[in-house]
Amino acid sequence: MKYAIYQMNIAVGDPEKNRSKVRAWLDRVAKAEKPDVVVLPEMWTTAYTLPRLEEVADRNGEPTLPFLQSLAKEYGVHMIGGSVANNKGQGFYNTAFVVDRNGTLIHQYDKIHLVPMLDEPRYLKGGEKGVEVFELDGVKMGLIICYDLRFPELARKLALEGVEVLHVVAEWPTARLDHWKTLQVARAIENQMFVVSCNSVGLQDGVEFAGTSMIIDPWGNVMEAGGDDREETLTGELSLELVSKVRKDVPVFDSRMPELY
Ligand SMILES: O=C(O)CCC(=O)C(=O)O
């Protein structure tokens with residue numbers, strides 16, 4: 001399963017420009033790399049423009065979801081479509097969409113954990129539904145958003161439900177780059193799953209975003225890592241049989257004693 005990840009420098013508060021950027025990127029990458037799955041970062045249509053949500057957010061996934069659906073069909077790729085600010089009537093959510101190569105919406109998720117350091121709880125509502133498994137080409141997968149990475153319970157729940165690939169879409173700041181790197185590797189090792197992340201880069205209102213998107217295998221080896229200061233595309237191929245091999249070699253899931261903790 002071949003991945004292409006867009007470590008994007010997001011144009012602040014300009015959804016039209018960002019949709020054009022994504023279309024141009026995909027046009028290039030789909031032809032050059034022929035990926036099965038492409039991944040976009042968190043809040044990629046707007047970046048962190050929380051005080052302007054009324055003006056820049058999607059409304060019930062419009063217009064970004066149909067945009068992703070038409071791109072997926074046109075280029076024949078599955079899209080882990082990052083997340084967008086999404087006005088659902090009763091409030092603004094940070095919503096991720098996953099669309100398969102037929103253009104079908106197969107999964108959506110509202111970020112559960114809102115970031116106090118970025119004042120998110122003032123502007124956004126946290127998702128009320130838990131994380132759920134979805135499948136692409138028969139592979140069980142999960143998705144979490146940025147700050148969710150700090151809560152290992154989400155990845156563990158998904159692993160116990162059979163997930164082999166965990167996606168993390170993010171706008172994680174450089175100030176906590178070490179946490180970003182270490183926590184991703186930890187989630188891969190402790191759950192013996194692939195972790196595929198997509199972070200943004202660039203500077204917004206004095207906050208620098210950390211890039212360092214990664215593909216990590218179930219042993220914890222970093223197969224691919226982006227730089228921390230530039231827009232780039234990461235590509236990599238997941239050998240999914242590695243998941244069962246690692247789970248057999250170090251049988252963590254058989255050794256668990258959940259009745260004791
Ligand atoms: O947890 C962190 O340090 C960063 C989280 C974050 O930036 C986010 O969730 O958007």
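Assuming R0 = 41 Å, can you tell me the calculated FRET efficiency for the pair SER244 and GLU54, based on Cβ-Cβ distance, to the nearest 0.05? Could the numbers behind the result be given before it?
On the way: r = 48 Å, r/R0 = 1.17.
That pair, SER244 with GLU54, gives E of 0.30.
I want to check the label-to-label distance for LYS31 and LYS125. Put each point 7 Å from Cα in the C-beta direction and report it in nm to one decimal.
4.4
Sequence-distant or interchain residues sharing an amide H contact under 5 Å with ILE10, placed H: which?
VAL201
For the chain, build the charge dipole from Cβ charges (+1 Lys, Arg; -1 Asp, Glu) around the Cα centre, then report which of GLY13, LEU242, PHE209 sits farthest towards its positive end.
Most positive-ward Cα: LEU242.
Whole-Hz Karplus ³J(HN,Hα) for segment 103-109, in order, using 6.51 cos²θ - 1.76 cosθ + 1.60 and θ = phi - 60°, x for Gly and Pro?
For segment 103-109, the Karplus-derived couplings read x, 8, 6, 9, 7, 9, 8 Hz, x marking Gly and Pro.
Give, rounded to the nearest 20 debye, the magnitude of the charge dipole that segment 2-260 has about its Cα centre when Lys and Arg contribute +1 at Cβ and Asp and Glu contribute -1 at Cβ. Could the numbers behind the result be given before it?
Values: 29 positive and 39 negative charges, 49 e Å.
Charge dipole, segment 2-260, about its Cα centre: 240 debye, nearest 20.
Within segment 240-261, whose backbone N sits under 11 Å from a point 7 Å along Cα→Cβ of ARG156?
Flagged as within label range: 256-261.
D for the chain, whole µm²/s, Stokes-Einstein with Kirkwood Rh over alpha-carbon pairs at 37 °C and 0.692 mPa s: what number?
Numbers: Rh = 18.2 Å.
Roughly 181 µm²/s, to the nearest whole number.
Cα to Cα, under 26 Å, and not fewer than 8 places away if on the same chain: which lysines meet these conditions relative to LYS140?
Answer for LYS140, where 26 Å is the Cα cut-off: LYS2, LYS34, LYS73, LYS111, LYS129, LYS157, LYS181, LYS245, LYS248, listed by chain and number.
Pop out the ³J(HN,Hα) list for segment 28-38 in order, Karplus 6.51 cos²θ - 1.76 cosθ + 1.60 with θ = phi - 60°, rounded to Hz; leave Gly and Pro as x.
Running phi through 6.51 cos²θ - 1.76 cosθ + 1.60 with θ = phi - 60° gives 5, 6, 4, 6, 6, 10, 6, x, 7, 10, 10 Hz.
Looking at the chain, what % of its DSSP beta bridges pair antiparallel, to the nearest 5? Numbers along the way, then the final one.
Numbers: 32 of 52 bridges.
Restricted to the chain, the bridges split so that about 60 percent are antiparallel.
Short version: what are the Cα gyration tensor semi-axes of segment 1-154, square root of 5 times each eigenvalue, largest first, in whole Å?
Working: eigenvalues 115, 68, 36 Å².
Three semi-axes, in Å: 24, 18, 13.
Using only helices, what value at 222 nm comes out for the chain when you add -39,500 (n - 2.57) per DSSP H run of length 4 or more and divide by the total residues, to the nearest 500 deg cm²/dmol?
On the way: 8 runs with 76 residues, N = 261.
Calculated mean residue ellipticity at 222 nm is -8500 deg cm²/dmol.
So for segment 171-224, considering every pair of alpha-carbon atoms, how many percent are separated by more than 13 Å?
Numbers: 787 of 1431 pairs.
More than 13 Å apart: 55 percent of the Cα pairs in segment 171-224.
Please sort by residue number the trypsin sites (Lys or Arg not before Pro) in segment 119-191 whose DSSP state is loop and whose Cβ has at most 10 other Cβ atoms within 10 Å. Before the final figure, lay out the partial values.
Numbers: sites: ARG122, LYS125, LYS129, LYS140, ARG150, ARG156, LYS157, ARG176, LYS181, ARG187; in loops: LYS125, LYS129.
Those that pass, being in a loop and sparsely packed, are LYS129.
All other residues with a Cβ under 13 Å from the Cβ of LEU158 taken together, and with Lys, Arg as +1 and Asp, Glu as -1, what is their net charge? Please report the intermediate quantities before stating the final value.
Working: positive: LYS140, ARG156, LYS157, ARG187; negative: GLU132, GLU135, ASP148, GLU153, GLU161, GLU164, GLU190.
So the surrounding residues net to -3.
Among HIS167, PHE194, LEU68, which residue has its Cα furthest toward the positive end of the charge dipole of the chain, with +1 on Lys/Arg Cβ and -1 on Asp/Glu Cβ?
Going by the charge dipole, the pick is LEU68.
What is the calculated FRET efficiency for SER70 to GLU232, with r their C-beta to C-beta distance and R₀ = 30 Å, to the nearest 0.05?
Details: r = 25 Å, r/R0 = 0.84.
Computed FRET efficiency for SER70 and GLU232 comes out at 0.75.
Would you mind calculating the gained length between GLN90 and HIS179 on full extension (0.36 nm times residue separation, minus the Cα-Cα distance), in nm to one decimal? Write down the numbers at each step before the final one.
Working: separation 89, 0.36 × 89 = 32.04 nm, distance 3.32 nm.
Length difference between fully extended and current span is 28.7 nm.
Read the figures in this text as sums done on the coordinates, not as results from a lab. Given the structure is predicted, the values throughout are model-derived calculations rather than measurements. Every residue, glycine among them, receives a Cβ derived from its backbone with ideal geometry; neighbour counts consider all protein chains shown.
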